[in-house]
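Before any comments, here is the structure.
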Amino acid sequence: MTTLARLRKGALALPEVAEGTHFGMVAFYVSGKSVASLTKDGERVQFPLPADQLETIVADHPKAERVIQKGAPIGVSLPLAELDVRVLDRLLRQAWETRAPKRLVATHRADAPARRSSDLPTIGRPATEALALRGITTLDQVAEHTEEELLSLHGVGPKAIRILGEALAENRRDFRR
């Protein structure tokens with residue numbers, strides 16, 4: 001079961017996303033453009049997506065509904081409580097890539113090869129991606145953060161912190177205090 005708190009955590013983990021409101025609804029924005037918003041009743045979450053992505057989602061999710069504006073589909077709406085966390089994160093990422101400035105998307109994608117060649121230990125894809133979204137791709141950058149800061153990132157859990165701590169200790173470093 002997905003909640004508003006989980007939606008908020010996933011949305012705010014994306015680069016330059018901020019929370020606001022849209023016609024009284026909780027909404028998340030990148031550069032002033034909506035990435036996701038809740039319906040007024042808080043039951044459904046809406047994602048602005050291009051038509052080709054929209055049709056795939058509607059076909060894959062029986063409870064998905066097209067969001068129509070001026071007769072044209074502009075996104076998709078799904079029941080928040082029934083969304084799998086992985087689906088939520090994928091839709092947030094797709095909406096973010098659709099709405100974020102091209103330079104920001106390009107920078108984020110350009111970081112992908114650097115993530116693979118960094119000196120970070122193997123901590124799992126979710127944790128690695130969460131760190132990379134914050135620009136943390138090396139142990140030196142990990143050492144600039146507290147354990148609590150890193151744990152607040154969606155995808156970074158106690159196991160990743162333990163592994164990172166061990167790697168820092170091997171290099172005679174530690175998390176920021």
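Structure notes:
- Between D84 and R177, the simple label model (points 7 Å from Cα in the Cβ direction) yields a spacing of 4.4 nm.
- In a fully extended conformation the segment linking H22 and E144 would gain 40.4 nm over its present Cα-Cα distance, using 0.36 nm per residue.
- Reachable aspartates and glutamates, given that their alpha-carbon falls under 12 Å from the alpha-carbon of K9 and they are not under 8 places away in the same chain: E19, D89
- Label zone at K70 (point 7 Å along Cα-to-Cβ), backbone N below 11 Å, the stretch 90-107: none
- Each helix, a run of at least 4 DSSP H residues, gives -39500 (n - 2.57); summed and divided by the residues of the chain, these come to -13500 deg cm²/dmol at 222 nm.
- Among G157, G135, G71, the largest mean-square fluctuation in a Gaussian network model of the chain, built with springs joining Cα atoms closer than 10 Å, belongs to G71.
- Estimated dipole of the chain in Debye, rounded to 20 [Cβ of Lys and Arg +1, of Asp and Glu -1, Cα centre]: 260
- Angstrom value of the Kirkwood radius, inverse mean 1/r, which spans all Cα pairs in the stretch 4-100: 13.1
- Degrees between helix 102-116 axis and first principal axis of the chain (Cα, 0 to 90, nearest 10): 40
- Cα centre as origin, Lys/Arg/Asp/Glu Cβ charges: the stretch 110-170 dipole, Debye: 320
- Net length gained if the chain between K102 and K33 were fully extended (0.36 nm per residue, minus Cα distance): 23.6 nm
- Rounded to the nearest Hz, the phi-derived 3J(HN,Hα) couplings of the stretch 161-169 under the Karplus curve 6.51 cos²θ - 1.76 cosθ + 1.60 (θ = phi - 60°) are 5, 4, 5, 5, x, 5, 5, 5, 4, where x marks glycine and proline.
- Note on the chain: the C-alpha convex hull projects to 11.1 nm² when averaged across all orientations.
Each value in this text was obtained by applying a stated rule to the coordinates, not by laboratory testing. Keep in mind the model is a prediction, meaning the values are calculated, not measured. Glycine also receives a Cβ, built like all others from the backbone with ideal geometry; neighbour counts cover every protein chain displayed.
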